[in-house]
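Throughout, read-outs are computed from the coordinates displayed, never taken from laboratory work. Because the structure is a prediction, the values reported are computed rather than measured. Cβ sites come from the backbone with ideal geometry, for glycine too, and all protein chains shown count toward neighbours.
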Amino acid sequence: MALEGWRRRFGDLAARIGLDRLMPGAAGGGNRFYNCARQGARSWWERTDEAVDLIEKAVAGSTDRRPRVLDLGCGDGKVAVELARRGIEVDYVGFDLHPQSAGVRRLDLARDPIGVEGDVAVVLGVLEYLADPASALKSIAAVVPRLVVSLATSDLDRPATFDPASLNWVYFVDRATFEARLFEAGFRIVERRVTPDRKTALWSVERSA
């Protein structure tokens with residue numbers, strides 16, 4: 001726990017003063033485009049904490065077998081780390097456009113079929129980079145009954161002068177607009193949350209009957 005706390009504090013400091021360029025994920029134009037060099041920041045860990053709370057609820061009651069969690073856009077594996085730290089036993093499968101470890105499967109969520117079924121998917125910090133996430137959400141609904149998803153939305157606490165293009169985001173909408181996309185993809189909302197920094201919203205949703 002103490003080690004994890006130091007890791008989070010160092011990552012946040014590194015992101016603030018520019019040392020994040022020396023951390024895993026900084027190399028490669030693709031990773032830079034997706035802001036992977038900032039993945040040690042405290043806000044990314046706080047988003048993970050909220051998401052794992054929702055994942056834990058989503059898999060509760062799965063007693064016949066280990067539930068399978070599909071982490072779509074897993075980055076450096078924060079979700080896997082936090083699941084393990086809390087002792088939540090799942091069959092974890094990580095996917096990413098730019099895999100950072102040998103066990104991660106390459107996936108372009110905008111174009112590729114997921115190809116694996118699971119019990120819950122988690123998508124954190126990914127949809128901001130998709131021009132229209134509708135097809136991705138429908139692909140996810142086809143392989144899992146539950147989804148935990150985040151989106152940095154336009155109606156949370158960012159200055160009026162904020163330019164999403166500065167972070168390479170192409171999808172920056174308010175919560176109501178995104179919820180409409182979730183409904184269209186066949187999901188219903190179970191729970192809503194906002195990260196401590198009030199910049200990112202999270203939803204736990206399940207496939208409609």
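Points worth noting:
- Computed over segment 119-160, Kirkwood Rh from alpha-carbon pairs, angstrom: 11.5 Å
- Overall Cα dimensions of segment 41-207 - principal axes, largest extent first, Å: 50, 32, 31
- Among 177-185, 124-132, the peptide with the highest mean count of other Cβ atoms within 10 Å heads the list, and the full ranking is 124-132, 177-185.
- Of all beta bridges that DSSP places with both ends in segment 41-207, some 50 percent have antiparallel geometry.
- In order along segment 194-207, the Karplus-derived 3J(HN,Hα) couplings, from 6.51 cos²θ - 1.76 cosθ + 1.60 at θ = phi - 60°, round to 9, 5, x, 7, 6, 10, 9, 9, 10, 10, 10, 10, 9, 5 Hz, and Gly and Pro are given as x.
- Packing-based ranking, highest mean first, of 38-45, 161-168, 108-115 given that Cβ atoms within 10 Å are counted: 38-45, 108-115, 161-168
- The phi torsions of segment 124-130, fed into the Karplus equation with coefficients 6.51, -1.76 and 1.60 and a -60° offset, translate into couplings of 10, x, 10, 5, 4, 9, 9 Hz, rounded to whole numbers, with Gly and Pro shown as x.
- Cβ-based exposure ranking for C36, C74, in which fewest neighbours within 10 Å come first: C36, C74
- Taking amide hydrogens as placed 1.01 Å from N in the peptide plane, the amide H of L130 sits under 5 Å from those of V170, Y171, each at least 5 positions away in sequence or on another chain.
- Exposure proxy ranking, count of Cβ atoms within 10 Å, fewest first, for V81, V170: V170, V81
- Overall dimensions of segment 131-209, expressed as equivalent-ellipsoid semi-axes from the Cα gyration tensor (√(5λ), whole Å, largest first), are 24, 14, 9.
- Dipole magnitude for segment 41-207: about 160 debye, using +1 per Lys or Arg Cβ and -1 per Asp or Glu Cβ, origin at the Cα centre.
- Under the convention that each Lys and Arg Cβ holds +1 and each Asp and Glu Cβ holds -1, the size of the dipole of segment 152-209 around its Cα centre is about 140 debye.
- Net charge of Cβ neighbours under 10 Å - reference I189; Lys, Arg +1; Asp, Glu -1: -1
- Under 12 Å, Cβ to Cβ, from E206 - net charge with Lys/Arg +1 and Asp/Glu -1: +2
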